[in-house]
Every structure is written in structure tokens, then in C-alpha cells.
1. Tell me which residues, restricted to the range 76-97, are at pLDDT 70 or above and either β-branched (Val, Ile, Thr) or on the phi > 0 side of the Ramachandran plot (or both).
2. Could you check how many residues of the range 94-131 are among the basic types (Lys, Arg) and farther than 21 Å from Val207 by Cα?
3. Which residue is nearest to the chain's Cα centre (by Cα), if the candidates are limited to the range 131-185 and must be among the basic types (Lys, Arg) and part of a helix (DSSP H, G or I)?
4. If you go through the range 114-126 one residue at a time, do you hit one that is β-branched (Val, Ile, Thr), at pLDDT 75 or above, in a helix (DSSP H, G or I) and surrounded by fewer than 17 Cβ atoms within 10 Å (Cβ to Cβ)?
5. Whether any residue in the range 159-173 is of a type outside the set (S, T, N, Q), over 24 Å from Ile88 (Cβ atoms) and in contact (Cβ under 8 Å) with a residue 12 or more places away in the chain is what I want to check.
6. Answer yes or no as to whether Pro62 is at pLDDT below 85 and within 20 Å of Ile156 (Cβ to Cβ).
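The values are calculated or read from the model by the stated rules, or taken from the named source; none is laboratory data. Owing to the predicted nature of the structure, the values given are computational and were not obtained by experimental measurement. We place every Cβ from the backbone using ideal geometry, glycine too, and count neighbours over all the protein chains shown.
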Amino acid sequence: MPHPKTQQILLQRLKTRGPQSVKILSKQLEMTTMGVRQHLNELAAKGLVTTTAENHQTRGRPAHYWQLTDAGHRQFPDAHAEACVTLITRVRDQFGDKALQEIIHDNQDDDLNRYQKALEQTESDLPSQLSKLAELRSEEGFMAEVRLIPNGWLLIQNHCPVYNAAQSSRHYCHSELLLFSTLLAGRAIVERTDYLLDGSRRCAYMVAAITDRQATA
């Protein structure tokens, strides 16, 4: 009988890594392909996962990839979604978009102070600072991680706990980019590379260290 804990691990893996084949999932979870397929079929019956179109390979049989459905994504919480959207709508309708923007930026200032204090207690090198930042974001539900890439790092947020609020006001997204840029000012350039509201499965930011030459330019 499929185990709920294993199914939750599968959901988490598809959330953080995107569409995966049964073969890849079986290696990652150290399970048989038959066992993984049984779990996925159970999740599909619940409407939480589905298969993508066949991935046409140059050799061998075409592989099917499994991905989360909308219901599957909703297994990961959107913090106070309905209340946030209602509040945003009322503030905008009563006081205007500028007032809403100011409220969001005031909240960002609180986050900035809190993050700065946490980073001050962390090793000062950029990788350590980014790891701490990802930890702080994960504690808030963003399922964040840092990956090393050839030209710097990717700060990845695999989930957005304020997604519905962000859909109602992209000031949240602008505020987030400004927050990261301010935290790393003078040390790194931050650029958004993946954007959930533009159809990506996640939000991600490329962080490139500022060289001595750039700093003195």
C-alpha cells in the first residue's frame, strides 16, 4: 500500500525540481521504478500529478515526465491567501495604488532590518550570506535554495506563499527584488531570471559578485 510520507516526498521533489521521469525519481528516492510508478498513479488518482507530453528522445523509447497539477501546487500553502487579496483590494479601492505601494514598502523595510541583523551574525563571505538568506526565506515558506552556477549563484524560490497577493499587486515582486538588491548592495548584482507570474514554475535570481574593477568604476 502506498505510503503517504513517500508521496509527500514525491510532491516535494516535483515542486522543487519540476517535471521528472520515473527513472530519475527512482534513482533520487532509491526506489524501484515500479514502486515510484505506483505512488505516482495514486497521486494522479487524487488529481495531484499528471504526465506531460512525451519527450521525444534521439534514442530509445520516448519518456513521460510527471509534474504537479494546479491541485498539487495547492498542497503547498499560500499564506492567508483570501484575506491578503481582500485587504489589497480594499486598500487600493479606498486609498489608491500609491498608498498600497507605500504599505508594501514599509513592510519591506521591516524585513530588511530583520534580515540584516541575521546576516550580521553569519560568515561575511557571499556564499554564506546567500545560504543564510535562503534559510530565512525557507522559514517563511518560500522553499528557497542556492545553487552555484558558472557566473555566480542562483537564489531559487520554489514556492510563493503570497502568490495570490502577488497576482493582485506586483508591488510585492518589485519589493522582493529591491530587498535582495539592497541586502547585497556593493557586493553583488541581483537579477531576476525566472518569474512565477510570467509562467515560470518558480522565481529565481541570479547573483553575480561585483569585481574590484566594477566596484571602483
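1. Within the range 76-97, Thr86, Ile88, Thr89, Val91, Gly96 meet the criteria.
2. 1
3. First pass over the range 131-185, keeping only residues among the basic types (Lys, Arg): 132, 137, 147, 170.
Subset that is part of a helix (DSSP H, G or I): 132, 137.
Working: Lys132: 16, Arg137: 9 Å.
Among those residues, the one meeting the criterion is Arg137.
4. Within the range 114-126, not a single residue is β-branched (Val, Ile, Thr), at pLDDT 75 or above, in a helix (DSSP H, G or I) and surrounded by fewer than 17 Cβ atoms within 10 Å (Cβ to Cβ).
5. No: the range 159-173 contains no residue that is of a type outside the set (S, T, N, Q), over 24 Å from Ile88 (Cβ atoms) and in contact (Cβ under 8 Å) with a residue 12 or more places away in the chain.
6. Values: at pLDDT below 85: yes; within 20 Å of Ile156 (Cβ to Cβ): no.
Considered against the rule, which asks whether it is at pLDDT below 85 and within 20 Å of Ile156 (Cβ to Cβ), Pro62 comes out as no.
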